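Questions regarding the structure given below will be posed in turn.
The values are calculated or read from the model by the stated rules, or taken from the named source; none is laboratory data. Since we're looking at a predicted model, the values are computed, not measured. Counting neighbours? That spans all protein chains shown, and the Cβs are built from the backbone with ideal geometry, glycine included. To get the accessible areas, we keep the full protein, side chains included, count just its heavy atoms, and leave off ligands, DNA and RNA. Shrake-Rupley method; radii C 1.70, N 1.55, O 1.52, S 1.80 Å.
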Amino acid sequence: MPSIVILDFGGQYTQLIARRVRELHVFSAILPGDAPWSDVAALEPGGIILSGGPGSVYDEAAPRPDAALYSAGLPVLGICYGLQLLVHQLGGRVRNAPRREFGRAEARLDPASPLLRGLGEREAVWMSHGDEALSLPAGFRAAGWSGEIIAAIEDRERRFYGVQFHPEVRHTEHGRELLANFLFDVCRLEPNWTPRAFIEQQIEAIRRQVGPHGRALCALSGGVDSAVAATLVHRAIGDRLTCVFVNNGLLRKNEFERVQHVLRDRLGLHLLALDESRRFLEALRGVADPEQKRKIIGRLFIEVFEEQAAKLGSVEFLVQGTLYPDVIESVSVQGPSATIKSHHNVGGLPEKMRLKLVEPLRDLFKDEVRHVGRDLGLGDDLLLRQPFPGPGLAVRILGEITPERIRLLQDADDIAVEEIKRAGLYHALWQSFIVLLPVRTVGVMGDQRTYGQACALRAVESEDGMTADWARLPSDLLATISNRIVNEVPGINRVVFDITSKPPGTIEWE
Ligand code: XMP
């Protein structure tokens, strides 16, 4: 399927460009800006976008695209630094702008340009740049201005375009139309990147990779990514895929049963659901240190998983729900900031097992995973659930983990989630949960003095979990949650509300 290749020069919006292109149903892939042309060509692109970046084209170390780009006969759209690259590499002049421009600006655009068709003659755009084009290479003309600065350039003959502003950012009012013009009018691509097309393509690819007899294993966490990955692989190879779902004793209330029901009964996965809670809790006895808890849980998980793999015999493949943001090799000012994260949900499954990875979601962003999941019939209860940490309630029980404290937390958490759902706020929140604190407090119930445990309600809004703001929950809702927990969970006699954002706090307490 022809796609757009986005060459990344370290701009903060590169992933956003990729997403905007995909929202227009054209597949896009990000490669490092200085990738050899053979790597780019291998993706059979129908057009190239040069991203923004913090560099200046005159810097010694400034990343540049392989010059073969300009003789490949493909349309090119340069954004910000990308425009400056076009100008500089094709023989024009770029200079350090006397006035740096950041934020909203008004551009005067030429609607006759194929790139700008349908846009107004004056458009609100988002600028963020230091350098600017001073004189254009032969064949180019200016198609837009912002004050004295050239804001858009074009060489219609060669189908090279550039904009000094950022069409991928929402503040550029008609950025979507501009990108659509590039994709459909200039590159003449078809909007055929849809969940259905992706599913068909992946099923084919998985069958090719695994072969007619190969067998695969998948560790399920109850989360979206592993469930979607497993469902896709199951569509491709049926019960040659075995899914393993481990109850480590630290799942939310009724979660072990609930997840089994969805995965086995609704999705028809070949599922081994293993209740290993005693084993985990024994290993965690007396442990209060968060990192220790994580290590013990990770190690035990691998043990359990290896035992299952050994029982199954010849399994060659491991399915993982790795997503695109985890695999993009980007270019930053310091050089490639290649971040291939270990998949911490499954604790880094053992390399010595020598399983080959099947990662059907490695081209997708999170929201695309949800679209694909919906097409696969996964249902919103699974697709729209809030993230849950791999070590589960272990990092929400401060201090020692005991069966009694797990039960207290599960019951309190269940009430909080139920009320938040009832208030219609569950999906608006990134995460909302209860943390059990290692303190006891005095209370009074009826005529009785109580000496019970305290818990905290944590509710945050966030885009990606990297930063978060504490959610301003309505006070009525807070009151209901607090009353219900104290009345219905004997052993907890106090509820506090966490009003710390991230940073400086983290989302979890441990
Ligand atoms: P923090 O607490 O660091 O959490 O603000 C950011 C996001 O990561 C989740 N989280 C984890 N997920 N294993 C996981 O799989 C972990 O050890 C872990 N610790 C935190 C947390 O729930 C939040 O979504």
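When residues of region 487-510 are filtered for being aliphatic (A, V, I, L, M), away from the ligand (no atom under 11 Å from the Cβ) and open to solvent by less than 30 Å² (accessible area, probe 1.4 Å), how many remain?
In the first step, residues of region 487-510 are kept if they are aliphatic (A, V, I, L, M); the result is 489, 492, 495-496, 499, 507.
After this cut, where a residue has to be away from the ligand (no atom under 11 Å from the Cβ) as well, the list is 489, 492, 495-496, 499.
Then drop every residue that is not open to solvent by less than 30 Å² (accessible area, probe 1.4 Å), which leaves 489, 492.
Going through region 487-510 one residue at a time, the tally reaches 2.
Is it the case that residue 250 is away from the ligand (no atom under 16 Å from the Cβ) and touching a residue at least 24 places away in the same chain (Cβ under 8 Å)? Walk me through it before giving the result.
Numbers: away from the ligand (no atom under 16 Å from the Cβ): no; touching a residue at least 24 places away in the same chain (Cβ under 8 Å): yes.
So residue 250 does not fit the description; no.
Search region 396-426 for residues being over 20 Å from residue 469 (Cα atoms) and out of contact with any Leu (no Cβ under 9 Å at 6 or more places or on another chain), and hand back the single one that is farthest from the ligand (Cβ to nearest atom).
Only one residue tops the list, namely 404.
I need the full set of residues from region 427-440 which are surrounded by 15 or more Cβ atoms within 10 Å (Cβ to Cβ), under 30 Å from the mean Cα position of the chain (by Cα) and more than 15 Å from the ligand (Cβ to nearest atom), in order please. Lay out the reasoning, then the answer.
Quick first cut of region 427-440, residues surrounded by 15 or more Cβ atoms within 10 Å (Cβ to Cβ) only: 429-437.
From what is left, the residues that are under 30 Å from the mean Cα position of the chain (by Cα) are 429-436.
Once the filter is applied, which keeps residues that are surrounded by 15 or more Cβ atoms within 10 Å (Cβ to Cβ), under 30 Å from the mean Cα position of the chain (by Cα) and more than 15 Å from the ligand (Cβ to nearest atom), region 427-440 yields only 436.
Let me ask something else. Test residue 249 against the stated conditions and say whether it is open to solvent by less than 40 Å² (accessible area, probe 1.4 Å) and touching a Leu at 6+ places or on another chain (Cβ under 9 Å). Walk me through it before giving the result.
Details: open to solvent by less than 40 Å² (accessible area, probe 1.4 Å): yes; touching a Leu at 6+ places or on another chain (Cβ under 9 Å): yes.
Judged against the criteria, residue 249 is a match.
Separate question: Determine which member of the set 271, 220, 284, 241 is modelled with pLDDT under 95 and open to solvent by less than 30 Å² (accessible area, probe 1.4 Å). Walk me through how you get there before you give the answer.
Details: 271 fails: modelled with pLDDT under 95; 284 fails: modelled with pLDDT under 95; 241 fails: modelled with pLDDT under 95.
Exactly one of 271, 220, 284, 241 is modelled with pLDDT under 95 and open to solvent by less than 30 Å² (accessible area, probe 1.4 Å), namely 220.
May I pose another question? For region 36-59, give me the residue count where each residue is aromatic (Phe, Trp, Tyr) and assigned to a loop (DSSP other than H, G, I, E, B).
Initial filter on region 36-59 (aromatic (Phe, Trp, Tyr)): 37, 58.
Applying the additional criterion that residues be assigned to a loop (DSSP other than H, G, I, E, B) yields 58.
So the count comes out to 1.
With the requirement that a residue be free of Cβ contacts under 8 Å to residues at least 60 places away in the same chain and surrounded by 15 or more Cβ atoms within 10 Å (Cβ to Cβ), what does region 109-123 give you? First the steps, then the outcome.
Going residue by residue through region 109-123, those that are free of Cβ contacts under 8 Å to residues at least 60 places away in the same chain are 109-113, 119-123.
Within region 109-123, 109, 110, 113, 119, 123 meet the criteria.
Just to verify a result, which residue in region 366-385, among those that are of a type outside the set (A, V, I, L, M, F, W, C) and either closer than 17 Å to residue 325 by Cβ or modelled with pLDDT of 95 or more (or both), is surrounded by the most Cβ atoms within 10 Å (Cβ to Cβ)?
To start, the set of residues in region 366-385 that are of a type outside the set (A, V, I, L, M, F, W, C) comprises 366-368, 370-371, 373-375, 377, 379-381, 385.
Retained after the next criterion (residues that are either closer than 17 Å to residue 325 by Cβ or modelled with pLDDT of 95 or more (or both)): 366-368, 370-371, 373-375.
Numbers: 366: 14, 367: 11, 368: 20, 370: 20, 371: 18, 373: 24, 374: 15, 375: 14.
If we take residues in region 366-385 being of a type outside the set (A, V, I, L, M, F, W, C) and either closer than 17 Å to residue 325 by Cβ or modelled with pLDDT of 95 or more (or both), then 373 is surrounded by the most Cβ atoms within 10 Å (Cβ to Cβ).
To keep it simple, each residue is scored yes or no on (1) part of a strand (DSSP E or B); (2) closer than 24 Å to residue 209 by Cβ.
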{"position": "242", "(1), (2)": "yes, yes"}
{"position": "252", "(1), (2)": "no, no"}
{"position": "259", "(1), (2)": "no, no"}
{"position": "264", "(1), (2)": "no, no"}
{"position": "269", "(1), (2)": "no, yes"}
{"position": "279", "(1), (2)": "no, no"}
{"position": "306", "(1), (2)": "no, yes"}
{"position": "310", "(1), (2)": "no, yes"}
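Can you pull out the residues in region 482-504 that are part of a loop (DSSP other than H, G, I, E, B) and either in contact with a Phe, Trp or Tyr (Cβ under 8 Å, 6 or more places away or on another chain) or of a type in the set (Val, Ile, Thr) (or both)?
Start the filter on region 482-504 by keeping residues that are part of a loop (DSSP other than H, G, I, E, B), which leaves 489-491, 498-501, 503-504.
Passing the criteria: 489, 498, 499, 500, 501.
While we're here: Criterion first (at pLDDT 95 or above, of a type outside the set (A, V, I, L, M), surrounded by 14 or more Cβ atoms within 10 Å (Cβ to Cβ) and not in a strand (DSSP E or B)) does residue 476 satisfy it? Walk me through it before giving the result.
Details: at pLDDT 95 or above: yes; of a type outside the set (A, V, I, L, M): yes; surrounded by 14 or more Cβ atoms within 10 Å (Cβ to Cβ): no; not in a strand (DSSP E or B): yes.
Spelling it out, it is not the case that residue 476 is at pLDDT 95 or above, of a type outside the set (A, V, I, L, M), surrounded by 14 or more Cβ atoms within 10 Å (Cβ to Cβ) and not in a strand (DSSP E or B).
Cβ-Cβ under 6 Å, sequence separation 6+ or interchain: first residue in region 36-47 and in the same structural domain as residue 75 (by TED's automatic domain parsing), partner surrounded by fewer than 14 Cβ atoms within 10 Å (Cβ to Cβ). Which pairs?
Hits for this filter: 37/68.
Has region 400-412 got at least one residue that is part of a helix (DSSP H, G or I) and of a type in the set (S, T, N, Q)? Can you show your working first?
Residues of region 400-412 that are part of a helix (DSSP H, G or I), as a first pass: 403-412.
From what's left, of a type in the set (S, T, N, Q): 410.
For region 400-412, residues part of a helix (DSSP H, G or I) and of a type in the set (S, T, N, Q): present.
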